[in-house]
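All remarks here apply to the structure that follows.
The values are calculated or read from the model by the stated rules, or taken from the named source; none is laboratory data. Here the structure is a predicted model, which means the values were calculated and not measured. Here the Cβ positions follow ideal geometry from the backbone for every residue, glycine too, while neighbour counts run over all protein chains shown. Please note that ligands, DNA and RNA were not included when accessible areas were found on the heavy atoms of the full protein model with its side chains. Shrake-Rupley method; radii C 1.70, N 1.55, O 1.52, S 1.80 Å.
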Amino acid sequence: MLYHPTVARLTQRAILGRRRALILLLLPVLLIVIAIVVRVLVGADDEVTADLLGGFALATMVPLIGVIAGTGAIGPEIDDSSIVYLLAKPVPRPTIILTKLTVAVGVTAAFSALPTLVAGFILGGNGSRLAVAYALAAAVASVAYAAFFLMLGTISRHAVVFGLVYALVWEALLGSLVDGVKTLSIQQWALAVGEKIGQGGHVVSDVALPVATVLLVVVTAGATWFAAQRLRSLTLAGEE
Amino acid sequence: MTTIRIDSVSRWFGNVVAVNDVTMAIGPGVTGLLGPNGAGKSTLINMMAGFLSPSTGAVTLDGVRIWRNEQVYKQIGLVPEREAMYDFLTGREFVLANAELHGLGADAARKALATVEMEYAQNRRISTYSKGMRQRVKMASALVHEPDVLLLDEPFNGMDPRQRMHLMDLLRQMGAAGRTVLFSSHILEEVEQLAAHIEVIVAGRHAASGDFRKIRRLMTDRPHHYAVRSSDDRALASALIADPSTAGLELDRRDGILHIQAVDFARFTELLPRVARDHGIRLYEVSPSDESLESVFSYLVAA
Ligand SMILES: Nc1ncnc2c1ncn2[C@@H]1O[C@H](COP(=O)(O)OP(=O)(O)OP(=O)(O)O)[C@@H](O)[C@H]1O
Ligand SMILES: [Mg+2]
């Protein structure tokens, strides 16, 4: 059994708790508002579309939503130790992690890939090919981000901070300054997938598709495996 | 018949030894794990519940290792010490989720909620519950699969007397039905009322084991300490030292206090005033210096 509906229900309600849901909605709503404004003021323009979908949607929105959904799928439960109710059950630990991952991926994609697609259509441009390319890249990135940030959630109480540092400092800042860093960036790997569809030079990755694919699979599978291991030996200690 | 065995188990956190070479077996019936704050009760229970690995030694359920073995939860129900639950759920949703995770359904959840008398508030969010209500919902979540072993860490915390009585009855019934019930507490009276068998743990060590009569006796027979101020501490000391009920004497000249350790409580309380009178010594102050639970317990460890 790779999926447990009860675990999924609990996780989904934890991620989409009232406040969290509002934060999750903020960026997609912003993206769509900007898309409408741009379309009205500038009209359909491939250059602008690629800037907005690449620079804002894929580079900022997807990782931020990934951090919230990925760490939120498990971090708070471990933090306040309410996860004992989940763990004191004869449910295999990999099942728990895979279920939580499924929910985190679903939420990340729903709040990032879907709005990216919608924004792309609103922006018009190159036969909506760009919209599909970036939305696909966002969907691919959702999987890897969710897995990676879910793993961070099983490792540290400060997973959100580390997640933000990874997304904003490593990928966004260092990624734009240091060439080598780009090779180790979920965003670039996802772009490599989008590049295949995008055509026309507006979707560009610094990583070749085969390498990107391998790295995406390795990171997703590795992080998931590691998270399950963490859960197997999760420790509850008395108050210090 | 299910037995949890703790075999030469120690657990340390960095330099802190929380549990120190403990060996005990918890069998069917109700067992009380008694010890003062910080004694290592939660550490032991967490190891029995598979949420902490022993640093050395083994913790087993009918011979099967508990750590990293999720199958044991078919037989174990746990009521943790911590408050946190899925507060955004209602009581009913929470207990139902626990039932489903055991492969059970709404019937099991309903039954467990009825057992703890929480049906009346089952549709309220847990975040609105009082401490006692939380405790009872935690209890329901642990009972939902009718486990052979029930582990409860400070289950009576925050309960009012009526709820406490009700939970005690419930645990008694489970014990009488042959289930293995272990609960921790730092209150002797609580443990006495409920537990057929008591395990005492102090400063990480297994201090005593037996029924409540034996534990009581150990506690009243222990040496009592007194701090005495008198008109002539020195003369009083030399008059007392001859008597077998006096086990130790220490004169603190600076503060003018005579510290006395008495082994035979009844005899000593009669001896002290008589000796003082016979020697014309006036007693200004006689105070038992360590009646705290800690000191009562630490005597047991030394014994
Ligand atoms: N995670 C931890 N890190 C460091 N020390 C710990 C940790 N957990 C427990 N301890 C220490 O181990 C000892 C035993 O703690 P434990 O929580 O088991 O005691 P307890 O008997 O349950 O106490 P209480 O009645 O307060 O619940 C204490 O000295 C405590 O400070
Ligand atoms: Mg404790």
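See the values below:
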item: Computed accessible area, A:LEU174, all protein chains, 1.4 angstrom probe, square angstrom; result: 60
item: Isotropic mean projected area of the C-alpha convex hull, region B:116-268 (nm²); result: 13.9
item: Reach of A:LYS100 by Cα under 13 Å, taken over aspartates and glutamates that are not fewer than 8 positions away in the same chain; result: A:GLU77
item: Residues in region B:18-51 that, when all protein chains are in place, have 30 Å² or more less accessible area than the chain alone would give (probe 1.4 Å); result: B:ASN46, B:PHE51
item: Drop in accessible area of at least 40 Å² in the complex versus isolated chain, residues of region B:91-115, 1.4 Å probe; result: B:GLU100, B:LEU101
item: FRET E, pair A:THR235, B:SER238, Förster distance 60 Å, beta-carbon r, rounded to 0.05; result: 0.60
item: Mean projection area, nm², convex hull over Cα of chain B; result: 19.0
item: Among B:ARG136, B:ARG110, B:ARG229: highest mean-square fluctuation, GNM of chain B, C-alpha pairs under 10 Å; result: B:ARG229
item: Buried area at the A-B interface (accessible, heavy atoms, 1.4 Å probe, summed, Å²); result: 3000
item: Spin-label zone in region A:74-98 - amide nitrogen under 17 Å from a point set 7 Å from the Cα of B:PHE88 along the C-beta vector; result: A:74-86
item: Candidate lysines - alpha carbon under 24 Å from B:LYS41, same-chain residues fewer than 8 apart omitted; result: A:LYS89, B:LYS74, B:LYS131, B:LYS138, B:LYS214
item: Quotient of C-alpha Rg and 2.2 N^0.38 Å, computed over the protein assembly as shown; result: 1.32
item: Average accessible area per residue (Å²) across the protein assembly as shown - probe 1.4 Å, nucleic acids and ligands excluded; result: 43
item: Antiparallel DSSP beta bridges within the protein assembly as shown, percent to nearest 5; result: 65
item: Relative compactness, region B:178-269, computed as alpha-carbon Rg over 2.2 N^0.38 Å; result: 1.50
item: Inter-part distance where region A:133-151 and region B:38-80 are each reduced to a Cα centre, Å; result: 37
item: Cα Rg, Dmax (largest Cα-Cα span) when computed across region A:5-232, Å; result: 17.5, 58
item: Mean ellipticity per residue at 222 nm, deg cm²/dmol - from DSSP H runs of n ≥ 4 across chain B, formula -39500 (n - 2.57); result: -10500 deg cm²/dmol
item: Computed FRET value (nearest 0.05) for B:ALA196 with B:HIS166, which takes r as the C-beta separation and R₀ as 30 Å; result: 0.95
item: Residues in region A:83-127 reached by a label modelled at A:LEU41 [backbone nitrogen below 18 Å; 7 Å Cα→Cβ]; result: A:119-120, A:122-125
item: For B:LYS74, solvent-accessible area (1.4 Å; no DNA, RNA or ligand), Å²; result: 120
item: Max mean-square fluctuation residue, GNM over chain B, Cα-Cα springs under 10 Å, options B:ASN15, B:ASN46, B:ASN69; result: B:ASN15
item: Spacing of the two label points (7 Å from each Cα toward its C-beta) at B:ARG267 and B:GLU146, in nm; result: 5.6
item: Efficiency of FRET between B:ASP252 and B:MET219 - r from beta-carbon atoms, R0 45 angstrom, step 0.05; result: 0.95
item: Largest-first principal axis extents, alpha carbons of region B:55-119, Å; result: 43, 24, 18
item: Hydrodynamic radius (Kirkwood) for region B:40-150, which is based on Cα pairs only, to one decimal in Å; result: 14.6
item: Gained length - A:ASP79 relative to A:VAL217, 0.36 nm times residue gap less alpha-carbon distance; result: 46.8 nm
item: Listed residues A:LYS89, A:LYS196, A:LYS182 arranged by accessible area, highest first, probe 1.4 Å; result: A:LYS196, A:LYS182, A:LYS89
item: Share of carbon and sulfur in the accessible heavy-atom surface of region B:1-158 [1.4 Å probe, %]; result: 47
item: Among A:GLU77, A:GLU195, A:GLU171, residue whose mean-square fluctuation peaks in a GNM of chain A (springs only between Cα atoms under 10 Å); result: A:GLU77
